[in-house]
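Below is one structure, written out as C-alpha cells, with a few remarks after it.
The values are calculated or read from the model by the stated rules, or taken from the named source; none is laboratory data. Treat the numbers as computed from the prediction; the structure is a model and nothing was measured. Because the Cβ atoms are built from the backbone with ideal geometry, glycine has one as well, and the counts that use them run over all protein chains shown.
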Amino acid sequence: MGGEKKGARVRAAAAEAIDAVANSGRSLDDALATYEPRVDDNDRALLRMLSYGCLRHHWRLNAWIDTLVDRPFKRRDSVVRALLAVGLYQLTDTRIPDHAAVSQTVEAARLLRRPKHAGLLNAVMRRFMREQTASQDPATRAAEFDHPDWLIDAIKNDWPDDWRTILAANNDRAPMWLRCNRQQVAVPEYLQQLQASELDGSALGGLDDAVRLDAPVVVASLPGFSSGKVSVQDAAAQLAAPWLLRDVNGRILDACAAPGGKSAHLKEIAGDAIELTCLDIDDARCERIRQTLDRLALDATVLTGDASLPGEWWDQKAYDGILLDAPCSASGVIRRHPDIKLLRRASDISALGRRQAQILRACWSILAPGGRLLYATCSVLAAENDDVIGDFLTTTADARENDMLPNNNIRDVMRRTASGYQVLPGTAGMDGFYYSCLEKVA
C-alpha cells in the first residue's frame, strides 16, 4: 500500500474512533481495540496520537469547526466532523507538514465512503490556515479550557485557587511511570539498567519503587518487564500499598482490584506476611488481575463479587486491612483518558457518591476491630472524596481517620483536605488521587 493511502487509512481510523467516543459513548480504549487492527503496526502510534489529541482538545477543535463550516453536519455524517477535527489537530499540534495533513485527511474521506465531503474538507482546512483561525480568542469557556462547562464548574468550586492549574494539567500528556518489583530490583539498580538500554529515568523521593521515564516507550523495550521486574503504574497509585501496610499484615482485601496493579504492589511489599484476596465485580476484570499476578509470579486469591454485597462472597473471617479503590469519575486521570471529559455527565457524580458510600459501609462491616481501611479514588471532586468520608465518619461511631502519612517525604506533594489527602493532577508529574486512611476503633 502506498504511503498516501496508508496515511489516509490512519486518519480514517482515528476519525472513526473519535466518532465512536463522541457520538456512541464508547470508551477510547474500546474504540481503539476495534480500529487499531485496520492500520499497520508501525502506524498505531500515530493513530493513538491523533485520537488522544483530538479528544483532549475536543471543545477547541469543534469551536473552530463551528466557525468555519456554514451548515451543520448531518447526524449520519458525524464521522466527517471527527475527520475534520483530525485534520485541524494535525495543523496545530503536530509536526506533520501542512500539505500532507490536508491531502491525507481529504483522501481519508474517500476511505470513509464520504467522497462528496472531500472538497469541503480541503476548503475548510485551507481556510483555517489562510485566516489563522487558531490565533483567534476562544469562542466559549469550554473551548478555552477544553472541558465541559459542568466539570469546569465542579473543579472550580472544589479547588478555587487551583482550578486553572488542574484543567491545564488535564490537557497535558501524562508521563510514563514504572513500579520496580522490590523482590527483584531496587530503583537505583533499575535506573542503571535503563541507562544501559539507552533509556533515561528518575526517582521520586518518598516513593521507594517509582521510576519516571523521560520519554514513554513500549513495554517490550523495558529491561525485565516480561520477567516481572517492573510494571507500569502511576506514582500516585503507588502510594496505596505502603500506606495500607504500615504496621498492618494478616488478612488483606483489595476490594475493587482490577487490573491488579495495587494488589501486586501489596504482595511485592509484604510477600507471605499477608494473605491477600483480590475482588472485582466482573469475570473479565478478574482475569486481568490473574494475568497481572501471573506475570509477576505472585499468589493471591481472586474472587468475582460485588464489594457492596459481602454476604455473597465473604468467608466470614474479618480482614485486618482493606484497600478500597472505589469506582469513581476518574476526574484525576483525564490526561491519560481524555474520553472521560466526553463520557461523564454531571448527574454521574452524585450517583457515584452514593455507590462509594454503599461499598465503604459494606467493607467496614467485614473489617476487624483495630483494622485499617484505606479509601482511595482517582478523582479530584469533593463529592466523591471528602463528602463521602466526612459523612461516614460522622455517622460511624467506631471509625476514625488516621491522618499520619506513610512517610514525611511525600508531604510536599499532598494537599491536606477535611478528611484525607489529595494529589492534584500534574503534581510532580503524578495523576490526581485522593486517600483517606480510616481505622476501626477496637
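Summary table
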{"item": "Flag for residue 85 being over 23 Å from residue 148 (Cβ atoms) and in contact with a Leu (Cβ under 6 Å, 6 or more places away or on another chain)", "result": "no"}
{"item": "Residues of segment 121-136 classified as surrounded by 15 or more Cβ atoms within 10 Å (Cβ to Cβ) and either in contact (Cβ under 8 Å) with a residue 40 or more places away in the chain or on the phi > 0 side of the Ramachandran plot (or both), total", "result": "5"}
{"item": "Matching entry among 398, 412, 386 (being touching a residue at least 24 places away in the same chain (Cβ under 8 Å), surrounded by fewer than 18 Cβ atoms within 10 Å (Cβ to Cβ) and assigned by TED's automatic domain parsing to the domain that holds residue 315)", "result": "398"}
{"item": "Condition met for residue 159 (more than 25 Å from residue 60 (Cβ to Cβ) and either touching a Leu at 6+ places or on another chain (Cβ under 8 Å) or of a type in the set (A, V, I, L, M) (or both))", "result": "no"}
{"item": "Residues (closer than 14 Å to residue 66 by Cα and in a loop (DSSP other than H, G, I, E, B)) located in segment 118-136", "result": "136"}
{"item": "Residue match in segment 92-109 (condition: assigned to a loop (DSSP other than H, G, I, E, B) and farther than 30 Å from residue 166 by Cα)", "result": "yes"}
{"item": "Flag for residue 327 being within 26 Å of residue 21 (Cα to Cα), in contact (Cβ under 8 Å) with a residue 40 or more places away in the chain and surrounded by fewer than 18 Cβ atoms within 10 Å (Cβ to Cβ)", "result": "yes"}
{"item": "Segment 171-216, residues that are loosely packed, with under 13 Cβ neighbours inside 10 Å and acidic (Asp, Glu)", "result": "189, 198, 200, 214"}
{"item": "Those residues of segment 137-170 which are under 23 Å from residue 49 (Cβ atoms), buried (at least 19 other Cβ atoms within 10 Å of the Cβ) and within 18 Å of the chain's Cα centre (by Cα), in sequence order", "result": "146, 147, 167, 169, 170"}
{"item": "Out of 8, 15, 33, 45, sole residue that is under 26 Å from the mean Cα position of the chain (by Cα), touching a residue at least 60 places away in the same chain (Cβ under 8 Å) and assigned to a helix (DSSP H, G or I)", "result": "15"}
